[in-house]
Each structure stands twice: as C-alpha cells, then as structure tokens.
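Participant: So that we are looking at the same thing, I have put the structure below in structure tokens.
The values are calculated or read from the model by the stated rules, or taken from the named source; none is laboratory data. The model shown is predicted, which means the values in this text are computed figures rather than measured ones. Positions of Cβ are generated from backbone atoms using ideal geometry, with glycine treated the same way; all protein chains shown enter the neighbour counts. Ligands, DNA and RNA are excluded from the accessible area calculation, which covers all protein heavy atoms including side chains. Shrake-Rupley method; radii C 1.70, N 1.55, O 1.52, S 1.80 Å.
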Amino acid sequence: DAGITQSPRYKITETGRQVTLMCHQTWSHSYMFWYRQDLGHGLRLIYYSAAADITDKGEVPDGYVVSRSKTENFPLTLESATRSQTSVYFCASSESGSGGRTAYNEQFFGPGTRLTVL
Amino acid sequence: QKEVEQDPGPLSVPEGAIVSLNCTYSNSAFQYFMWYRQYSRKGPELLMYTYSSGNKEDGRFTAQVDKSSKYISLFIRDSQPSDSATYLCAVRRDDKIIFGKGTRLHILP
C-alpha cells in the first residue's frame, strides 16, 4: 500500500517496559517526523530526521530514542515507558526543499498509534 | 510566549453559517502559514497553505494572513456537517512546522 503507515495502531504497556512504534512511508520522502498529541498541548514534535542516519531533537525528546537506517522507516522507541508518555503518536513525512514549494510545506501524517502506559 | 496561539474551542455553529477560525503567532520572521484539518481519530491533513500576507481562496475556504498584526485566519463559507473537525494553524520555522493546539469545530445540522 502506498502512503504512510504506523504500527501498532493501539498499544497498552506497563511502566518501565520498552516499546517501539513503527513508521513506514512509500514515497521516499527525505524528512520524517514523530509527534505526540495530547489534550491541552496539541501536536508536539519529539524527533525528526532530514535523511537516513540524520536525526535531531524536537520540542519533547526526553525518554525517546529514534533511528533511521533506511529512508522509508523511522521507528520511535520508549526506552522505559512512563505514564506521562500515554498519548497518541503520529508519524509524518515530507519532501525536502525550501521556500514556497507547497510540497515542502506539506507533511503527510500516518493514522496514529494510541499508546497507554499503565 | 508560545510561537503559535490558538483558541481550542469547541466552536459550534449551525449548518450554512460562515465560520471564522483564528490564530496569532509571535515571530515576525515567519513566512509560510498553513491550516491543517484533523478528523476524529485520524491524522492531520493539509487544507491550505499561504505565503506572506494576503488571502488565498479554495472553494468554500479562504485563508488570510495579516503580518502586521501577526494574525492568521481561516474562513469557511456555507459550512457543512462534514466540516466538523479540529483545525490546526501552523507556521514553518526552518525545516520544522510549528502547530497551534487546534480548534474543535462542530457544524450543527
């Protein structure tokens, strides 16, 4: 299937466990992003990647780890899950570029992963 | 001060009304402004994108940017129940997009 997919769609885990959320895109977009969305906070950027093997922190990176060995995959790992990491996680991708190109300003979002940490 | 401020609502209007959604932003250097729409339990999707000041129209939707007051607006004419969603304003900062918290909109049939 073309597009951007996330797995699992729903996950329940316990405090202290390691959890990995997967993200896969078929467009060969250079950029990929991980966000969390919480009531009262909106979408907050966790990490992003400009290309394979290049990652950078966003607004709320603590407690998360990312890697990007292949252009199409961008997994997000919670090394030791905490209850405060209960959230909806969205992966997104976009083309590279600059300035006024619409494609550069459009991020394509996956369907989200609902994570509950007990 | 948050880079992008948006009233979370919810905002309820009757079908057929004109809807006005607004945001303010803090950095006068921002040049690219976007509106994303998010349906319940879905990811956001780009609705409209504008560069610098001025208006942009797409069907029933008009996006407006006033850089002098750092104000971003989205107008929806002849609103439909299918327009019920959360609308997120956004600005581009370097290679990232900064989102507002989103306004929940309900169009009442």
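Matching residues to (1) of a type in the set (Lys, Arg); (2) open to solvent by less than 70 Å² (accessible area, probe 1.4 Å); (3) touching a Ser or Thr at 6+ places or on another chain (Cβ under 9 Å):
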{"residue": "B:Glu5", "(1), (2), (3)": "no, no, yes"}
{"residue": "B:Gly16", "(1), (2), (3)": "no, yes, yes"}
{"residue": "B:Asn22", "(1), (2), (3)": "no, yes, yes"}
{"residue": "B:Phe30", "(1), (2), (3)": "no, yes, no"}
{"residue": "B:Arg37", "(1), (2), (3)": "yes, yes, yes"}
{"residue": "B:Ser40", "(1), (2), (3)": "no, no, yes"}
{"residue": "B:Gly43", "(1), (2), (3)": "no, yes, no"}
{"residue": "B:Leu46", "(1), (2), (3)": "no, yes, yes"}
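Participant: Moving on. List the number of the failed condition for A:Val60; all other conditions in (1) of a type outside the set (D, E, K, R); (2) more than 22 Å from A:Thr5 (Cβ to Cβ); (3) assigned to a strand (DSSP E or B) hold.
Facilitator: (3)
Participant: A further question follows. If a residue counts only when it is away from chain A (no Cβ under 14 Å), which strands (runs of 3 or more DSSP E) contained entirely in region B:4-109 have at least 3 such residues?
Facilitator: Answer list for region B:4-109: B:11-14, B:19-25, B:61-66, B:71-76, B:103-108.
Participant: Still on this structure, please answer the following. Check off (1) under 17 Å from A:Leu43 (Cβ atoms); (2) in contact with a Phe, Trp or Tyr (Cβ under 9 Å, 6 or more places away or on another chain); (3) open to solvent by 40 Å² or more (accessible area, probe 1.4 Å); (4) among the hydroxyl-bearing types (Ser, Thr, Tyr) for B:Thr86 and give me the number that stays unchecked.
Facilitator: Of everything listed in (1) under 17 Å from A:Leu43 (Cβ atoms); (2) in contact with a Phe, Trp or Tyr (Cβ under 9 Å, 6 or more places away or on another chain); (3) open to solvent by 40 Å² or more (accessible area, probe 1.4 Å); (4) among the hydroxyl-bearing types (Ser, Thr, Tyr), B:Thr86 misses just condition (3).
Participant: I'm checking my understanding of the structure. Among residues of region A:63-89 that are of a type in the set (Lys, Arg) and in a loop (DSSP other than H, G, I, E, B), which one is nearest to A:Glu14 (Cα to Cα)? First the steps, then the outcome.
Facilitator: Pass one, region A:63-89, residues of a type in the set (Lys, Arg): A:68, A:70, A:83.
Next, only the ones that are in a loop (DSSP other than H, G, I, E, B) stay: A:68, A:70.
Details: A:Arg68: 26, A:Lys70: 29 Å.
Result: A:Arg68.
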